[in-house]
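I have placed the structure first, in the form of structure tokens, so that the comments after it can refer back to it.
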Amino acid sequence: MDALIRAHQFFVETQSVTLTTDRVPRRIGWRMGATAADVITSVELLIGEYEGARRAIEETMDSFQEMAPGDVVARTGPPIRRVISAFKFAYFSVRAHQDAACGVLYVLLGQQAGRYTSMSDALKKEDNPIRNLVTDRLPGYADWLRAWKDRRDQMKVGAQFALLFDADNNLSIQFEYPCGESHRMDVITQAITLSDVAEGLEFSTRLNGLVHELGGGQRIVGLGPI
């Protein structure tokens, strides 16, 4: 939890200064700002729901022997569902922010940025200037994004999750199966933890730093023409 809180605070700090520039159209700059706000909000929600689920589990375990099975489900079911949804919200928000930052990078590199600019697509093309820039300046980013996108894509098609907790009630979510017509219902052993979300924030902050550097050393809101 401490690592996630530190990563969240650092990400927030990278959004605190405004760059007045006509290099970045408003629709491109505002998209980056809007997705950054979603990242911040989603992580704040995750922190709150995580602690709520931990409390519910701890309270239930303390009185488990005296409780009927239905009471256990009633007490723990809603907070468990909320923390799973909070994890998913964070994954979607962080992933969207990468595409928004990609659009700003295109503009700063003198390229055109479309409405559906994709960082994943940019990194797949060997002659893409963003791929060359990110590979040189952000080691490990491409591999991280690929793994993050794979998990997010499974969430998009309705993957189910189970909540796991250890002896210290540290929580994580585990894929039950990738839900899609072309997939078998296999158990995926890899779990998603708060450390994974913290890593996503750290890579996002590094990407933002690169954007800000190319934009003149300040934060980009997008005050140019629409």
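Points to keep in mind about this one:
- Of all residues assigned to the stretch 105-117, none qualifies as being at pLDDT 95 or above and under 16 Å from Met32 (Cα atoms).
- Just so you know, in the stretch 22-71 the residues that are touching a helix residue (DSSP H, G or I) at 6+ places or on another chain (Cβ under 8 Å) and modelled with pLDDT under 60 include one that is surrounded by the most Cβ atoms within 10 Å (Cβ to Cβ), and it is Met67.
- Selection of the stretch 139-167 for residues being of a type in the set (A, V, I, L, M, F, W, C) and farther than 19 Å from Ser85 by Cα yields Ala142, Trp144, Leu145, Ala147, Ala167.
- Residue in the stretch 178-197 that is at pLDDT 75 or above, touching a Gly at 6+ places or on another chain (Cβ under 8 Å) and surrounded by 15 or more Cβ atoms within 10 Å (Cβ to Cβ) present: no
- Any hit, the stretch 112-124, residues being part of a helix (DSSP H, G or I) and within 30 Å of Glu51 (Cβ to Cβ): no
The values are calculated or read from the model by the stated rules, or taken from the named source; none is laboratory data. Model, not experiment: these values are computed from the prediction. Every residue, glycine as well, gets a Cβ built from its backbone with ideal geometry; the counts of neighbours run over all protein chains shown.
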